[in-house]
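Here the structure comes first, spelled out in structure tokens, and everything after it is commentary.
The values are calculated or read from the model by the stated rules, or taken from the named source; none is laboratory data. Bear in mind that the values here come from a model prediction, so they are computed numbers and not experimental data. Neighbour counts are summed over all protein chains in view; Cβ atoms, including those assigned to glycine, are modelled from backbone coordinates with ideal geometry. For the accessible areas, the whole protein counts, side chains as well, though only heavy atoms, and no ligand, DNA or RNA atoms are used. Shrake-Rupley method; radii C 1.70, N 1.55, O 1.52, S 1.80 Å.
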Amino acid sequence: MLDLQRLRALHAVSVHGTVGAAAVALGYTSSAVSQQIAKLERETRTVLLEREGRGVRLTDAAHQLVATAQELLAIVERAETELEERRGVPSGRLTVAAFPSAARGLMPSVLADLAVRHPALDARLTEVDPHLSVDLVAKGAVDLVVAHDWDIAPLPAPAGVEQAVVGDDLCDLLVPSGHPFAQRGTAVRREELGGERWICQPPGRVCHEWLVRTLRTAGHEPEIVHQADENPTLVALVAAGLGIALIPRLGRGPLPDGVVEVPLDPMPVRHVYALWRTGAARRPAIAEAVRTLRAHWPGIVAHRPPASPPSPEAARTPSSPT
């Protein structure tokens, strides 16, 4: 008889790529995950993981077992959803993946609110880049995702995944206080950005791709002189007078001395979404988490007026965001 928890561990390694990452996602130690898979190998009398450099590789037999595990986990999820729906209150474990600035600027207040109002709900957060998180929710590795997109890179929602808009996050141009843009008092047009030294996130990140493609469309090849993953680091580099940066407002925090916020014309906007699997749409925990995200959004970003948050059912959009 196959053990569901051991199948879950193997599925997590398949989704996250390494034993260590799977352990973080499951809330276990790496050794505990390795032990689960070793027991599964003994039970099935099959080699499931093979060493490959400093990591591991799933064997063909493991990939076949992962497909079966995903089906079984989907059945378990449906059963849990039906039980929670019958009880009518959010309960059980809810795993949430959010991109870094949402994990910093939005999720703490949302999770605290859920914990106070729904003590039977065990919500757990993992910080994940948007281009990875959608795949995680589609494969059942997390229950709910908070992700974002830009106008040039719409967020893909695969079959079996539903989404709702949480809000729109405006982005500003941040420049050193001695920069000419800081003195003019009017919005900067994208055509004026040629010849600037840019501070940006590394290639492969959505913000980096937006900057490169937008400036090239305006006829400029961006000179990116400094790269960093975290927005606070980018702001610190701007404060040191080392360049300019385009940074969203969500999770940015107060600007330090020496940094001036300048609006762009047109102002860049990124859309923030909640995504969940269609099979879990009836789960009270999902519905309440999405309502709470939308309820907290007006207080997080000052540019958005208060509004009554609709339910996920009323907020669902087609697979491709508009």
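Considering only residues in the range 40-88 that are outside any helix (DSSP H, G or I) and hydrophobic (A, V, I, L, M, F, W, C), the one that is surrounded by the fewest Cβ atoms within 10 Å (Cβ to Cβ) turns out to be 47. Within the range 251-262, if we keep just the residues that are at pLDDT 90 or above and touching a strand residue (DSSP E or B) at 6+ places or on another chain (Cβ under 9 Å), the residue that is most open to solvent (accessible area, probe 1.4 Å) turns out to be 261. Just to be sure before I move on: is residue 94 in a strand (DSSP E or B), crowded, with 17+ Cβ neighbours inside 10 Å and in contact with a strand residue (DSSP E or B) (Cβ under 8 Å, 6 or more places away or on another chain) in the structure I sent? For residue 94, the condition - in a strand (DSSP E or B), crowded, with 17+ Cβ neighbours inside 10 Å and in contact with a strand residue (DSSP E or B) (Cβ under 8 Å, 6 or more places away or on another chain) - is met.
Among the residues making up the range 100-129, those that are more than 21 Å from residue 84 (Cβ to Cβ) and touching a Leu at 6+ places or on another chain (Cβ under 7 Å) are 101, 102, 103, 105, 106, 107, 128.
Determine whether residue 289 is free of Cβ contacts under 8 Å to residues at least 60 places away in the same chain and in contact with a Pro (Cβ under 9 Å, 6 or more places away or on another chain). Against the criterion (free of Cβ contacts under 8 Å to residues at least 60 places away in the same chain and in contact with a Pro (Cβ under 9 Å, 6 or more places away or on another chain)), residue 289 does not qualify. Scanning the range 20-39 for residues that are surrounded by 20 or more Cβ atoms within 10 Å (Cβ to Cβ), in contact with a strand residue (DSSP E or B) (Cβ under 9 Å, 6 or more places away or on another chain) and modelled with pLDDT of 85 or more gives a single hit, 37. In this structure, does residue 212 turn out to be among the hydrophobic types (A, V, I, L, M, F, W, C) and touching a Phe, Trp or Tyr at 6+ places or on another chain (Cβ under 8 Å)? For residue 212, the condition - among the hydrophobic types (A, V, I, L, M, F, W, C) and touching a Phe, Trp or Tyr at 6+ places or on another chain (Cβ under 8 Å) - is not met. In this structure, residue 198 does not satisfy being of a type in the set (Phe, Trp, Tyr), within 18 Å of residue 273 (Cβ to Cβ), open to solvent by less than 20 Å² (accessible area, probe 1.4 Å) and in contact with a strand residue (DSSP E or B) (Cβ under 6 Å, 6 or more places away or on another chain).
State the number of residues belonging to the range 201-210 that are farther than 16 Å from residue 233 by Cβ and touching a strand residue (DSSP E or B) at 6+ places or on another chain (Cβ under 7 Å). Break it down stepwise before answering.
In the first step, residues of the range 201-210 are kept if they are farther than 16 Å from residue 233 by Cβ; the result is 203-204, 206, 209-210.
Remaining after also requiring touching a strand residue (DSSP E or B) at 6+ places or on another chain (Cβ under 7 Å): 206, 209-210.
Within the range 201-210, residues that are farther than 16 Å from residue 233 by Cβ and touching a strand residue (DSSP E or B) at 6+ places or on another chain (Cβ under 7 Å) number 3.
What are the residues in the range 135-149 that are aliphatic (A, V, I, L, M) and either part of a loop (DSSP other than H, G, I, E, B) or touching a helix residue (DSSP H, G or I) at 6+ places or on another chain (Cβ under 8 Å) (or both), if any? The answer is 136, 141, 142, 144, 145, 146, 147. If the condition is being more than 18 Å from residue 256 (Cα to Cα) and open to solvent by less than 20 Å² (accessible area, probe 1.4 Å), then the range 175-195 contributes 188, 193. Screening residue 42 on (1) modelled with pLDDT of 85 or more; (2) touching a helix residue (DSSP H, G or I) at 6+ places or on another chain (Cβ under 8 Å); (3) not aromatic (Phe, Trp, Tyr) shows it passes everything except condition (2). For the range 150-174, give me each residue that is assigned to a loop (DSSP other than H, G, I, E, B) and open to solvent by 20 Å² or more (accessible area, probe 1.4 Å). If the condition is that a residue be assigned to a loop (DSSP other than H, G, I, E, B) and open to solvent by 20 Å² or more (accessible area, probe 1.4 Å), then 151, 152, 154, 156, 158, 159, 160 are the ones that fit.
The helices (runs of 4 or more DSSP H) found wholly in the range 175-262 and carrying at least 3 residues that are under 28 Å from residue 296 (Cα atoms), in contact (Cβ under 8 Å) with a residue 24 or more places away in the chain and not basic (Lys, Arg) occupy 206-217, 231-239.
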